[in-house]
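Report on the following structure.
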Amino acid sequence: MRVAIGSDHAGYELKQKLIAHLQAEGHLVKDIGTDSTEPVDYPDFAADVAREVVHGQSERGIVVCGSGAGASIAANKITGARAAVVHDHYTAHQAVEHDDMNVLALGARVIGENTATELVDAYLGAQFTGEERHARRLRKVVELDRNRG
């Protein structure tokens, strides 16, 4: 799978570990940045990851910041991105299966490497079910996104 991944300075080290894991699993990874622990602004990287997904260059996106919250908020400002902060296994796959989440947000200061790896695997292994109730709800979310209100 083609995966775009980006982080701010707080998520840099976890991002690097996730890139190694993703590549070992055979995924094609596009590192959006940052490239160090020097302070940067998370919205820049989160938005670029979301754009990669929305424009079809990557199938899924992963954003990492200190809590995951800021990166998720920023990614969701890109029309077509459906990002969520995830720190548990159930939500990692359920948000894809029911909500068609296409950007996973993780908090490097909240979870460790092992948990993050498990969540990424659950996220990438999940597919939107397309069940009528989920498709109906997704259409409503897409309409909200389109109208921004």
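Can you say whether Thr37 is more than 14 Å from the chain's Cα centre (by Cα), touching a residue at least 60 places away in the same chain (Cβ under 8 Å) and either surrounded by fewer than 16 Cβ atoms within 10 Å (Cβ to Cβ) or part of a loop (DSSP other than H, G, I, E, B) (or both), as far as the supplied structure shows? Spelling it out, it is not the case that Thr37 is more than 14 Å from the chain's Cα centre (by Cα), touching a residue at least 60 places away in the same chain (Cβ under 8 Å) and either surrounded by fewer than 16 Cβ atoms within 10 Å (Cβ to Cβ) or part of a loop (DSSP other than H, G, I, E, B) (or both). Determine whether Val49 is in a helix (DSSP H, G or I), under 14 Å from the mean Cα position of the chain (by Cα), of a type in the set (A, V, I, L, M) and buried (at least 24 other Cβ atoms within 10 Å of the Cβ). Considered against the rule, which asks whether it is in a helix (DSSP H, G or I), under 14 Å from the mean Cα position of the chain (by Cα), of a type in the set (A, V, I, L, M) and buried (at least 24 other Cβ atoms within 10 Å of the Cβ), Val49 comes out as yes. When Tyr90, Tyr42 are checked against the criterion of being at pLDDT 95 or above, of a type in the set (Phe, Trp, Tyr) and touching a strand residue (DSSP E or B) at 6+ places or on another chain (Cβ under 6 Å), Tyr42 stands alone in meeting it. Starting from residues that are in a helix (DSSP H, G or I) and either small (Gly, Ala, Ser) or under 9 Å from the mean Cα position of the chain (by Cα) (or both), keep the ones in the stretch 53-77 and report whichever is surrounded by the most Cβ atoms within 10 Å (Cβ to Cβ). Checked the stretch 53-77; the qualifying residue surrounded by the most Cβ atoms within 10 Å (Cβ to Cβ) is Ala71.
Look at the stretch 104-122: where a residue is in contact (Cβ under 8 Å) with a residue 24 or more places away in the chain and surrounded by fewer than 19 Cβ atoms within 10 Å (Cβ to Cβ) and a partner is among the hydroxyl-bearing types (Ser, Thr, Tyr) and outside any helix (DSSP H, G or I), sitting 6+ places away or on another chain with Cβ atoms under 9 Å, you get Arg109/Ser67; Val110/Ser67.
The values are calculated or read from the model by the stated rules, or taken from the named source; none is laboratory data. None of the values given here were measured: they were computed from a predicted structure. Virtual Cβ from ideal backbone geometry, glycine too; neighbours counted across all protein chains shown.
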